[in-house]
1. Would you mind ranking 138, 33 by Cβ crowding within 10 Å, fewest neighbours first?
2. What GluC sites (Glu not before Pro) in the range 219-323 are in a loop by DSSP, with at most 16 other Cβ atoms within 10 Å of the Cβ?
3. Would you give the gap between the C-alpha center of the range 11-79 and the C-alpha center of the range 261-304, rounded to a whole Å?
Amino acid sequence: MAATLGGVRRVRTVTAGVLTLMPFVAIVATWLLWRGSLPEALPTQWSGDTIATTQPTFVLLGITAVTAVVTGAFGLTSGLTRTAHFTPRLPLLVTGIVGSLCFIMWTTSAALGAAAASQPVLENLGVVIWGAITFGFLPAIIAGKPARPDAEGQPDPLVLSPTQTAAWSHTMTVPAFAWTAVGIFAVGTVSLWVPLASPNPGVAIVSSAVVLAVVVLLMVAMSRVRITADGRGLRMRSQLLPFVAKSIRLSQIKKVRTEAVNPGAWGGWGYRVLPGRSAVVLRAGEGVVLTLNNGKEFAVTVDDSSNLASVLGGLSATPVEENE
């Protein structure tokens, strides 16, 4: 019975992941169908009934399509990632909504731009927009609710006398984050260079550039992280951008356990925040999960997780559960 339920959950999450790519497919498909009727520039902002700003059609197509395919790739990865106990509902919800917004942005500008050029390409635009909004929630709905896992196991904590202390430190290097940052920077530069260089780039373009810059900085920060456990607690700090840091005091820790951390179960890679739990996910694999006094959980993926858990358990004198 458990195997059957696991198989059904797997089919649902994979299906949900595939659906996050549909907005990109729809953007490309509508462009292929409408390209003969679209003007060279499409409206992006209005002032009442008057078009305030426009963007070249291919620039708007590139921005929406690239954003949708990158978002869909994250959603597909979340859906394909095997998870024994969790479904990646939050990343599927976010990627589904962002992809649908890209489709709505493209379809609205294309349909209204073509209509303004006396070459209408779409009737009932409102119905299409409402359909896209509904579709944005579909991947998360299909994936279903997550199930809480049992603890996988915990090593014995270090036994320390009142006069003893201990420390543990390790640096995690993740080249994938650095290469992803380079890729996002390259795509963003190609997509936004021309509109940003124009006299009136518009709020949407400037906002997109700011968001991309923040994402690139966060990716760079996560490419090299130092994790330390000592008398001050558990601390994680970027070696490249030191102001990016996270710390948990020993007094906040209730339990410590080791666990095979799956990015799909914790909302993806990087610093993730979910209802009731958060994580620093640098890769899939071994990690440490802390149960805090407020009932929330915090996870971090790290090499040598057993020793880190032992040191934290000894320093905080937390209870240790047996392997199941």
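Readers should treat all values here as calculations from the given coordinates under stated rules, not as data from a laboratory. The model shown is predicted, which means the values in this text are computed figures rather than measured ones. No Cβ is skipped: glycine too gets one built from the backbone with ideal geometry, and neighbour counts run over all protein chains shown.
1. On the way: 138 18, 33 11.
Ranking 138, 33 by Cβ neighbours within 10 Å, fewest first, gives 33, 138.
2. Working: sites: 259, 286, 297, 321, 322; in loops: 321, 322.
Answer by residue number: 321, 322.
3. Taking the Cα centre of the range 261-304 as reference, the centre of the range 11-79 is 32 Å away.
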